[in-house]
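J.: Below: one structure in structure tokens.
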Amino acid sequence: MNILLVNPKYPETFWSFKHVLRFISKKAAFPPLGLLTVAALLPGGWHKRVLDLNVEPLTPKTMAWADLVFVGAMLVQKDSAQEVIFQAKAAGKRVVGGGPAFTAAPELFIGVDHFVLNEAEVTLPLFVRDFLAGTPQPRYSSDEKPDIAKTPAPLWSLIRMKNYATMSVQFSRGCPFNCEFCDIIVMNGRVPRTKSPAQLLGELEGLRKAGWRGSVFIVDDNFIGNKDKVKALLRELIAWQKARRYPFTFFTEASLNLAQDEELMRLMSAANFHKVFLGIETPSLDSLKECSKLQNTTLDLAKAVNAIQSNGMQVMAGFIVGFDSDTERIFETQMQFIQRIGVVTAMVGMLAALPGTRLWHRLQAEDRLLGETSGENTDGSLNFIPKMGVDTLVKGYKDLVNSLYAPKEYYARVNTFLKHYRPTAFSRVTWNETVALFRSFWTIGLRSHARLLYWKLILKTLFTKFKAFPTAVEMAICGLHFEKCARRMREE
């Protein structure tokens, strides 16, 4: 049995890092971790191929090889996923659809023969059993939350690691909080489930033995959802990293209450975490209460960011405009707040109603839904009627993003960040990073309208904060990407 597992294409977004990848000679930012894990769950005797359309195209020859075509996608990939399904059906292939997009909105997809929804550890074996018996059903779903300590390691041999900027692993699923707009708790629940430290270290050892060095993304919904288990992992990870001379630097997603736990921050720093993405959302207390982001209402947001960055971890953060409590002043308020706290990678999006969330159900009851979401909250699209009005929100949002990623404002945030940043991560400078530095000299330092700001940053960091120099270069390159994305959104 020949199984083709397809990862559809991502559109150009802030998170695609399309304009960064060419600096480091990579084709995609992240590997398709979900499909690599699904491949490991399939019978060992089946022949498997993972095709990532962000790396290479789907050819007729590859399609002809397949007996079954598995398509896994997030909502933002839905257009590309549908194209793959049409191609497979035109070639006479049977299609299996799974992953977040199919689970959230299976009705959006035409031509899928078998929906294998929710968590694959539960539903995929049911499909395989019926398929081998000759009685596969059109739909498999389950509310059961599996023990991921039994999840097999991803099949890294199915991809070429050199195509990617970072590798990905998962330690936990689920988040203990209950934010109204978030679909994580809908899909993965509010009780974090974890792998054992030995299990995750085994996966990391597999990556190391396969030759990977450098960045690893721990893709958890909230890495610190179960602090006791995370601390137990980190203590073993610190020893593992030290014994192997720190082959990896890590980044992950967490909640802002990380800043309230000094021990946890120290452990993450010692384990070589150098970045963390946080959902700050808004400085508006009313809006935080409205969306049930109560964990952020008890913190001084600026002090929390400073605490994390002083522990050697760069804070990346998500921000939202468009809450019912927001007024037209929110755009200026967000801009001033983000500049003041120095979050360089500030992903500002308009509120989106994702299928199945509490927000979706509330807006549906209020007859305020406009249709499906694009799955990308930074593309300027809107799928509900905001209280401030559609035109006001869209215009205010686009103006905010363009101001935020204008070179003067962007480099001002970089400098604010560097004042509080205390780099501690151990990393080796790779050949690709060296090439990226010299490419930045030409592309940004000579050809960009931000060249004076670039050289001022490079020289100041080189002579006054040398340990942060690689981070400063990376931020300059990312700034070029963010500016281009903002410009594209403005023109649409």
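The values are calculated or read from the model by the stated rules, or taken from the named source; none is laboratory data. None of these values were measured; they are calculated from a predicted model. When we count neighbours, we look across all protein chains shown, and the Cβ atoms used for this are built from the backbone with ideal geometry, even at glycine. Please note that ligands, DNA and RNA were not included when accessible areas were found on the heavy atoms of the full protein model with its side chains. Shrake-Rupley method; radii C 1.70, N 1.55, O 1.52, S 1.80 Å.
J.: So which trypsin sites (Lys or Arg not before Pro) in the stretch 218-295 pass both tests, a DSSP loop state and at most 14 other Cβ atoms within 10 Å of the Cβ?
T.: Those that pass, being in a loop and sparsely packed, are R244, R245.
J.: Sticking with this one: Leaving out ligands, DNA and RNA, and with a 1.4 Å probe, what % of the accessible surface on the chain is carbon or sulfur? Could you put the intermediate results ahead of the total?
T.: Values: 11470 of 20900 Å².
Answer for the chain is 55 percent, counting heavy atoms of protein chains only.
J.: While we're on this one: Could you report the stretch 422-477's accessible area per residue, 1.4 Å probe, as an integer in Å²?
T.: 65
J.: If you don't mind, another one. As a test of the formula, what do you get for the chain when each DSSP H run with n ≥ 4 contributes -39,500 (n - 2.57) and the sum is divided by the residue count, at 222 nm and rounded to the nearest 500 deg cm²/dmol?
T.: -13000 deg cm²/dmol
J.: A follow-up question, please. Nearest 0.05, what FRET efficiency do V128 and E263 give at R0 = 45 Å with Cβ-Cβ as r? Can you show the working numbers first?
T.: Values: r = 44 Å, r/R0 = 0.97.
FRET efficiency, V128 to E263: 0.55.
J.: Restricting to the stretch 63-207, what percent of DSSP beta bridges are antiparallel, rounded to 5?
T.: Details: 2 of 11 bridges.
If we restrict to bridges inside the stretch 63-207, about 20 percent are antiparallel.
J.: Here's a follow-up. For the peptides 449-456, 144-151, 345-352, what is the packing order when you average, over each peptide's residues, the other Cβ atoms within 10 Å and list the highest mean first?
T.: Descending mean neighbour count gives 345-352, 449-456, 144-151.
J.: Does the stretch 162-234 classify as rounded, prolate or oblate by the C-alpha gyration tensor (a ≥ b ≥ c root eigenvalues; a/c under 1.5 gives rounded; else a/b over b/c gives prolate, otherwise oblate)?
T.: Taking the square roots of the gyration eigenvalues as a ≥ b ≥ c, the stretch 162-234 is oblate.
J.: What does the charge dipole of the chain about its Cα centre add up to, to the nearest 20 debye, if the Cβ of each Lys and Arg holds +1 and the Cβ of each Asp and Glu holds -1?
T.: Here the size comes out at about 2300 debye.
J.: How do 464-470, 2-8 rank on mean C-beta neighbours within 10 Å, highest first?
T.: Output ranking for 464-470, 2-8: 2-8, 464-470.
J.: Something else now. With each pseudo-label sitting 7 Å past Cα toward Cβ, what's the E409-E144 distance in nm, one decimal?
T.: That separation, rounded to one decimal, is 5.0 nm.
J.: In nanometres, what is the gap between the two model label sites at L462 and W15, each 7 Å from Cα along Cα-to-Cβ?
T.: 3.6
J.: Still on this model: Unpartnered cysteines of the chain (Cβ-Cβ under 4.7 Å counts as a partner)?
T.: Result for the chain is C175, C291, C478, C485, no neighbouring Cys Cβ within the cutoff.
J.: Hey, what's the per residue convex hull volume over the C-alpha atoms of the stretch 336-492, in cubic angstrom? Provide the component values of the computation, followed by the final result.
T.: Details: hull volume 23.6 nm³, N = 157.
Spelled out: Cα convex hull of the stretch 336-492, divided by residues, is 150 Å³.
J.: OK, next. Hey, if you put +1 on the Cβ of every Lys and Arg and -1 on every Asp and Glu Cβ in the stretch 1-61, which of L51, S25, A40 ends up farthest toward the positive end of that dipole?
T.: It is S25.
J.: Also: Which helices of the chain meet both criteria: a Cα extent of 15 Å or more along the helical axis and a mean Kyte-Doolittle score no lower than 0.5, with helices taken as whole DSSP H segments?
T.: Length and hydropathy pass: 120-133, 451-464.
J.: To continue, here is another question. Given the options V95, I110, Q82, identify the residue whose Cα lies farthest towards the positive end of the charge dipole of the stretch 70-116 (+1 on Cβ of Lys, Arg; -1 on Cβ of Asp, Glu).
T.: Farthest towards the positive end: V95.
J.: While we're on this one: Give, in nm to one decimal, the length gained when the segment between H449 and Q137 is fully stretched (0.36 nm per residue of separation minus the Cα-Cα distance).
T.: Answer, rounded to one decimal: 106.5 nm.
J.: Now for a different question. Classify the stretch 32-161 from the C-alpha gyration tensor, please: rounded if a/c falls under 1.5, else prolate or oblate depending on whether a/b exceeds b/c. Don't skip to the answer; put the middle values down first.
T.: Working: a/c = 1.31, a/b = 1.15, b/c = 1.13.
Judged from the Cα gyration tensor, the stretch 32-161 comes out rounded (a/c under 1.5).
J.: If you don't mind, another one. Looking at G380, I341, T282, which one has the Cα that reaches farthest to the positive end of the dipole of the stretch 270-390 (charges on Cβ: Lys, Arg +1; Asp, Glu -1)?
T.: I341
J.: So how far apart, in nm, are the two label points at A64 and R490 if each is 7 Å from Cα heading toward Cβ?
T.: Label-label distance for A64 and R490, simple model: 4.9 nm.
J.: Relative contact order for the chain: what percent, with Cα pairs under 8 Å and sequence separation of 6 or more? Don't skip to the answer; put the middle values down first.
T.: On the way: 886 pairs, mean separation 66.1, N = 492.
Computed over the chain, the figure is 13 percent.
J.: May I pose another question? Report for the chain the percent antiparallel among DSSP-assigned beta bridges with both residues inside it, nearest 5.
T.: Here the antiparallel bridges make up roughly 5 percent for the chain.
J.: In Å², what does the accessible area per residue of the stretch 40-93 work out to with a 1.4 Å probe?
T.: Values: 2450 Å² over 54 residues.
Result: 45 Å² per residue.
J.: While we're on this one: Report the extension gain between K227 and E107 in nm, rounded to one decimal, defined as 0.36 nm multiplied by the number of residues separating them, less their alpha carbon distance.
T.: Details: separation 120, 0.36 × 120 = 43.20 nm, distance 3.76 nm.
Taking K227 through E107 to full extension adds about 39.4 nm, to one decimal.
J.: To continue, here is another question. Computed from these coordinates, which is mean projected area of the Cα convex hull in nm²: (i) 22.2; (ii) 26.5; (iii) 24.6?
T.: Only one listed value fits the structure, namely (i).
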